Structure formats: structure tokens, C-alpha cells
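A.B. asks: Before anything else, here's the structure in question.
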Amino acid sequence: MTPIEMKDGTGAVHRVFLTGATGFVGREVVRRLVGAGYIVRCLIRPGSAGKLPRGIDLEIHEGDAREEQSLQGALADCEALIHLIGIIREIPSRGVTFEKLHFQATLNMVRAAQNQGVRRFLQMSANGCREKTQNPYLATKWRAECSVAESGLEWTIFRPSVIFGPGDGFVNLLARVLRFSPVMPVFGDGAYRLAPVAVADVAAAFVAALSARQSIGRKFHLCGPAALTYTRILDTIAESLGRRTPGKIFIPESIARPLASLGENLPLFPLTRTQLELLLEGNECPEQEWKKVFGIDPRPFEADSLHYLRTSGKKT
Ligand SMILES: NC(=O)c1ccc[n+]([C@@H]2O[C@H](COP(=O)([O-])OP(=O)(O)OC[C@H]3O[C@@H](n4cnc5c(N)ncnc54)[C@H](OP(=O)(O)O)[C@@H]3O)[C@@H](O)[C@H]2O)c1
């Protein structure tokens, strides 16, 4: 195939190395990369290949992002690396921690790119990440960003708000509760705002960045067109399910925090303390430069955009 040129005619990308391809965002990125004509090589953990989208021609490199030696030779003939791996819940007994999956895995991917001659590096981060925070999800995302920004590579960093679309975790979880419960728990006052962004738009931004030289060395916040209160989000999900506006039980933060701390050790408890803190601090973007740079008009979060909840609550 003909390599896809950067918009200024330099640094053409032909083959992309992708991590996190079996995940919610990764499956959409895979489809769009292949649709745009790229050859895609995916880092896949043993046993996970079955989660890749079907009917798409992909190259596979088996490995684990926590283990640097498993990345040896992985990037041969690739001109770009898209690093999506991340977690929302730690399972320390299995070595699944924010430190390992956000910071160490990113460092491993950066080193692999440096050592194996890949210049272009696109990093999935998270809106709200910063140096000074008690939240380990955001703190490790920040440190991962720093290792990318100090790498000397041609990097671009993306910081999405909560992402929605077929197979998402957040909206599907709320929809499951809404289906079975006459009332919805709301932590705190429910007035905190989130600006959900569609997975299709997030994936489109990653793909567009590969051929947009003006995105090099920049961080982009990715939000939907509107910031909605948590209670409005619940009502929108209910509307998409054809349900009446749900009754709400407001759980004060002083009760929600210890509850989440206690419950997070139970595998089926739906909320950890870290997730609760992410929710309570809200998730809005300080700017939306990405719309201009990548020419994307993000889809709104409204009942019609959540049609996937009606067909299936399961991952696609
Ligand atoms: N979803 C959101 O609302 C949201 C919002 C902001 C930012 N983000 C960020 O977006 C990224 C993708 O999120 P997502 O929702 O798509 O997550 P996801 O569905 O949980 O997918 C995570 C991916 O990471 C892979 N992975 C995990 N541990 C790995 C390891 N040790 N080695 C290799 N691969 C490993 C998983 O592979 P397996 O199939 O083998 O488990 C899977 O492909 C994350 O960095 C997340 O922090 C997500």
C-alpha cells in the first residue's frame, strides 16, 4: 500500500503499532485505522486475541506491556505507536496497578519506540490528570504523560473526558442499574458535570493525528459538545431506555466515601474510592482545540446517541 503522508508531506506512516486494541476504545481505533488504509500490528496478551474485532486483517505481537522484554522486536517496520492501555480498577494480587499499567507500561512503550526507531507516539491519557492530586488514577496518568513528553519522540497526548459508545463501561453500568432498580443512587449532590465524548470521535482524533504534523508536541482535551450534570446524564440514559425519569436517592459524600472504600475490596462492588473521587470532581474540558485541529464536530450525549443500550448492554 501507499504510505499515508503527513499533511506537510513528511514522515509518512504505513504501519502502526497499537496497544489496547482489544479494549472498548481500541476496537474502534482498530476499525478506523484499517478503514483509513493503515497496516495495524496489535500488542495482545496471551488469550486476548478473541476480543479483537472480527473480519479485520491485523498483525499480532503477543506480549505484556508490563514486561519490557516481551516488546523486543515488536515495532519492526512500524512508523507510529498508539498507546491506549489503561485501567480504572486495580487488582494488586494480579499485578494490575495504576503504577504498573499507566506509568511503567508507558515507560516500556516509550523505550521500545526509542530503541526500535519509531518516532511518532500517540498517548492515551485522561482529562484532569495532574501532578498534584491524591487520586492515583490521575497521578499515574500524569507521570505517564511526563515520560512521553520528555521522550524526544514526536508525541501527541489525548485527554478525554468519560467516553461513551457501544461496549463502554460507564454508561452501560448505569443502564444496568436503571433497568433493574426503581431508584438510582446519586453520590453527593449530583450537580457535578461531565462532558461525555463519543468513542467514534475519540478514535477519529487518534487516526487524524497520524497525518497531522501540527498535532506533534501537543496535548488535546477531548470532550463532547456539552457538560451535563450527573443527574442529567442519568435522566438521558433513562430516556434512551424508554424509562421515566428515575427517582433518585442522594447519598452524602460523607457516607459514599467510606462505603466505596469498604466495597472496593469486593470484586462485584461496582465502585471504587478512586472512581468515586473521579466522579465527584467532575470532568469538563478547559479547551476544545481538537475540534479545529482535527476537523471533528463531536457528537452530543443525548438519548438518540445511546441507541446501543437498546440493542445490547454487552460489549461488542
Ligand atoms: N473509557 C473511558 O471512559 C476513558 C476515559 C478517559 C480515558 N480513558 C483511557 O482510554 C484507554 C482505553 O480505555 P478503555 O475504556 O478502552 O479500556 P479497556 O476496555 O479496559 O481496555 C484496556 C485495554 O488494555 C489492555 N491491557 C490491559 N493490561 C495489559 C497488559 N498488561 N498488556 C497489554 N495490554 C493490556 C487490555 O487487554 P486485554 O484484552 O488483554 O485485557 C485492553 O485491550 C485507557 O488508557 C483509559 O485510561 C478511557
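A.B. asks: Provide the packing ranking of 215-223, 114-122, 174-182, i.e. peptides ordered by the mean count of other C-beta atoms within 10 Å per residue, highest first.
C.D. replies: Values: 215-223: 20.2, 114-122: 18.4, 174-182: 14.7.
The peptides rank, most packed first, as 215-223, 114-122, 174-182.
A.B. asks: For a quick check: with amide H placed at 1.01 Å from N, whose amide H comes under 5 Å from ILE60's, ignoring anything fewer than 5 positions away on the same chain?
C.D. replies: CYS42
A.B. asks: Then there is this: Using Cα pairs closer than 8 Å and at least 6 residues apart in sequence, work out the relative contact order for segment 150-220, in percent.
C.D. replies: Computed over segment 150-220, the figure is 59 percent.
A.B. asks: How many percent of the alpha carbon pairs in segment 276-315 exceed a separation of 11 Å?
C.D. replies: 76
A.B. asks: Then there's this: Mind ranking 141-148, 267-274, 73-80 by how tightly packed they are, going by the mean number of other C-beta atoms within 10 angstrom, highest first?
C.D. replies: So the peptides 141-148, 267-274, 73-80, ranked by packing, come out 141-148, 73-80, 267-274.
A.B. asks: Here is a further query. Please report the relative contact order for segment 117-256, taking Cα pairs under 8 Å with a sequence separation of at least 6, and give it as a percent rounded to a whole number.
C.D. replies: Details: 202 pairs, mean separation 40.5, N = 140.
Once divided by the residue count of segment 117-256, the mean separation gives 29 percent.
A.B. asks: Would you work out which of ILE237, SER261, PHE103 lies farthest towards the positive end of the dipole of the chain, given +1 charges on the beta-carbon of Lys and Arg and -1 on that of Asp and Glu, about the Cα centre?
C.D. replies: ILE237
A.B. asks: Normalised by the number of residues in segment 70-126, what is the relative contact order in percent for Cα pairs under 8 Å and 6+ residues apart?
C.D. replies: The value is 52 percent.
A.B. asks: Moving on to the next point. Express the C-alpha Rg of segment 130-192 as a ratio against the empirical globular expectation 2.2 N^0.38 Å, rounded to two decimals. Don't skip to the end; give the middle numbers.
C.D. replies: Numbers: Rg = 17.1 Å, N = 63, 2.2 N^0.38 = 10.6 Å.
For segment 130-192, the normalised Cα radius of gyration is 1.61.
A.B. asks: Quick one: dipole size for the chain, taken about the Cα centre, charges +1 on Lys/Arg Cβ and -1 on Asp/Glu Cβ, in debye to the nearest 20.
C.D. replies: In total the dipole reaches around 560 debye.
A.B. asks: Are any of the pairs LYS100/LYS291; LYS132/LYS292; LYS51/LYS292; LYS51/LYS248; LYS141/LYS291; LYS100/LYS292 more than 27 Å apart by Cα-Cα distance, and if so, which?
C.D. replies: Check vs 27 Å cut-off fails for LYS100/LYS291; LYS132/LYS292; LYS51/LYS292; LYS51/LYS248; LYS100/LYS292.
A.B. asks: On a full-extension model of 0.36 nm per residue, what is the gain between VAL96 and LEU173, subtracting their alpha-carbon distance, rounded to one decimal in nm? The partial results should precede the final answer.
C.D. replies: Details: separation 77, 0.36 × 77 = 27.72 nm, distance 2.14 nm.
Length gained, VAL96 through LEU173: 25.6 nm.
A.B. asks: Same structure, new question: With the Cα gyration tensor of segment 154-220 giving a ≥ b ≥ c as the square roots of its eigenvalues, does the rule (a/c under 1.5 for rounded; else a/b larger than b/c for prolate; else oblate) give rounded, prolate or oblate?
C.D. replies: Working: a/c = 5.03, a/b = 2.35, b/c = 2.14.
Prolate, since a/c reaches 1.5 and a/b exceeds b/c.
A.B. asks: Let me understand segment 13-63 better: what is its radius of gyration from the alpha carbons, and its Dmax, in angstrom?
C.D. replies: Gyration radius and largest Cα-Cα distance of segment 13-63: 9.8, 29 Å.
A.B. asks: Here's something else I'd like to know. Roughly how many debye, to the nearest 20, is the charge dipole of segment 57-205 about its Cα centre, given +1 on each Lys and Arg Cβ, -1 on each Asp and Glu Cβ, and no other charges?
C.D. replies: Computed about the Cα centre, the dipole is about 660 debye.
A.B. asks: Another question, if that's okay. What's the Cα-based Rg to Rh of the chain, Rh via Kirkwood?
C.D. replies: 0.96
Here, each number is a calculation from the coordinates, and none is a lab measurement. Note that the structure is a prediction, hence the values are computed from the model and not measured. When we count neighbours, we look across all protein chains shown, and the Cβ atoms used for this are built from the backbone with ideal geometry, even at glycine.
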